[in-house]
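One structure below.
The values are calculated or read from the model by the stated rules, or taken from the named source; none is laboratory data. Because the structure is a prediction, the values reported are computed rather than measured. In this analysis, Cβ positions are derived from the backbone assuming ideal geometry, glycine residues included, and neighbour counts consider all displayed protein chains. These accessible areas exclude ligands, DNA and RNA; they are computed on the full protein's heavy atoms, side chains included. Shrake-Rupley method; radii C 1.70, N 1.55, O 1.52, S 1.80 Å.
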Amino acid sequence: MFTGIIESLGHVEEIMISGRNREFLIKSPISHELKIDQSVSHNGVCLTVVSVSGDSHVVVAIDETLSKSNLGKLHHGDRVNLERCMINNGRFDGHIVQGHVDQVGYVKALQEAEGSWLFTFQYDPASGNVTVEKGSIAVNGVSLTCFNSGEDEFTVAIIPYTFENTTFGSLKKGDVVNLEFDIIGKYVKRLLTPQGR
């Protein structure tokens with residue numbers, strides 16, 4: 001389990017094809033502290049560390065993960081948001097993030113707002129995912145609060161620290177992002193939805 005508070009940015013050093021899977025060699029300030037079999041969130045996707053060497057580590061993304069996230073669009077040199085799993089005696093600074101991406105969304109609009117940035121994201125509502133006003137959302141693994149919540153879009157405000165220390169600083173209109181909707185909201189919606197619908 002994660003909290004959506006990004007620890008570090010990693011850089012994609014190499015992408016290796018292995019059948020239908022992809023292995024990513026990631027260089028980061030926290031790689032040397034990782035261990036094999038450890039779960040680490042990469043742009044909000046929970047992946048298992050399979051190798052560690054110096055300031056780099058390797059994770060594997062299977063075809064299912066590649067098709068449902070933006071990891072399949074990564075290239076050499078791209079940055080990724082990294083977060084290690086939450087320790088049970090730590091502060092819960094964000095919200096409950098599982099590292100299981102529900103679907104991708106797109107940057108519909110962004111604007112600078114006198115020291116912060118407003119990002120509006122659009123997504124396909126056909127999968128049944130919803131946001132609520134002032135509810136939680138994880139975008140590329142970053143815990144954020146929604147506003148202007150609509151049927152297929154929502155807006156978030158990004159402070160300078162988050163803009164500079166996550167992949168938000170490089171997002172452009174039309175870019176694909178990973179979305180994990182609030183787990184509590186998903187359970188409530190499931191309970192209120194008649195079976196078979």
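Would you kindly identify the strands (runs of 3 or more DSSP E) lying entirely within the range 102-158 that contain at least 3 residues that are at positive phi and crowded, with 18+ Cβ neighbours inside 10 Å? Even if it seems obvious, please write down each step before you answer.
Numbers: elements: 103-112, 117-122, 136-139, 142-145, 153-158.
Passing ranges: none, list empty.
Condition (residue is modelled with pLDDT under 95, closer than 18 Å to Val177 by Cβ, within 11 Å of the chain's Cα centre (by Cα) and not charged (D, E, K, R)) applied to the range 82-89: is it met by at least one residue? No: zero hits. Does the range 111-131 hold any residues that are touching a helix residue (DSSP H, G or I) at 6+ places or on another chain (Cβ under 9 Å) and not aromatic (Phe, Trp, Tyr), and which are they? Once the filter is applied, which keeps residues that are touching a helix residue (DSSP H, G or I) at 6+ places or on another chain (Cβ under 9 Å) and not aromatic (Phe, Trp, Tyr), the range 111-131 yields Gly115, Ser116, Gly128, Asn129, Val130, Thr131. Scan the range 69-90 for residues that are under 12 Å from Val12 (Cα atoms) and of a type in the set (Lys, Arg) and the total you get is 2. A single entry from Gly185, Gly174 fulfils the requirement of being over 15 Å from Leu118 (Cβ atoms), open to solvent by less than 50 Å² (accessible area, probe 1.4 Å) and part of a loop (DSSP other than H, G, I, E, B): Gly174. Looking at the range 1-61, the strands (runs of 3 or more DSSP E) lying wholly inside it that each contain 3 or more residues that are open to solvent by 10 Å² or more (accessible area, probe 1.4 Å) and in contact with a strand residue (DSSP E or B) (Cβ under 9 Å, 6 or more places away or on another chain) sit at 8-18, 21-27, 45-53, 56-61.
Got at least one residue in the range 78-100 being in contact with a helix residue (DSSP H, G or I) (Cβ under 6 Å, 6 or more places away or on another chain), part of a loop (DSSP other than H, G, I, E, B), of a type outside the set (D, E, K, R) and open to solvent by less than 70 Å² (accessible area, probe 1.4 Å)?
So in the range 78-100, the residues in contact with a helix residue (DSSP H, G or I) (Cβ under 6 Å, 6 or more places away or on another chain) come out as 79, 81, 96.
Keeping just the survivors that are part of a loop (DSSP other than H, G, I, E, B) gives 96.
Retained after the next criterion (residues that are of a type outside the set (D, E, K, R)): 96.
Within this subset, residues satisfying the condition of being open to solvent by less than 70 Å² (accessible area, probe 1.4 Å) are 96.
Checked against the condition, which is being in contact with a helix residue (DSSP H, G or I) (Cβ under 6 Å, 6 or more places away or on another chain), part of a loop (DSSP other than H, G, I, E, B), of a type outside the set (D, E, K, R) and open to solvent by less than 70 Å² (accessible area, probe 1.4 Å), the range 78-100 yields at least one hit.
Sub-9 Å Cβ pairs linking a first residue in the range 113-124 that is touching a residue at least 24 places away in the same chain (Cβ under 8 Å) to a second residue that is of a type in the set (Gly, Ala, Ser) and buried (at least 18 other Cβ atoms within 10 Å of the Cβ), at least 6 apart or interchain, are Phe121/Gly105; Gln122/Gly105; Tyr123/Gly105; Asp124/Gly105, ordered by first then second residue.
When Ser69 is tested against (1) within 14 Å of the chain's Cα centre (by Cα); (2) open to solvent by less than 20 Å² (accessible area, probe 1.4 Å); (3) without any contact (Cβ under 8 Å) to a residue 60 or more places away in the chain, exactly one condition is not met: (3).
Taking Thr131, is it within 27 Å of Arg190 (Cβ to Cβ) and over 14 Å from the mean Cα position of the chain (by Cα)? If you could, list the steps in order and put the result at the bottom.
Values: within 27 Å of Arg190 (Cβ to Cβ): yes; over 14 Å from the mean Cα position of the chain (by Cα): yes.
Considered against the rule, which asks whether it is within 27 Å of Arg190 (Cβ to Cβ) and over 14 Å from the mean Cα position of the chain (by Cα), Thr131 comes out as yes.
Of all residues in the range 180-196, none satisfies being of a type in the set (A, V, I, L, M, F, W, C), free of Cβ contacts under 8 Å to residues at least 40 places away in the same chain and closer than 27 Å to Ser8 by Cβ.
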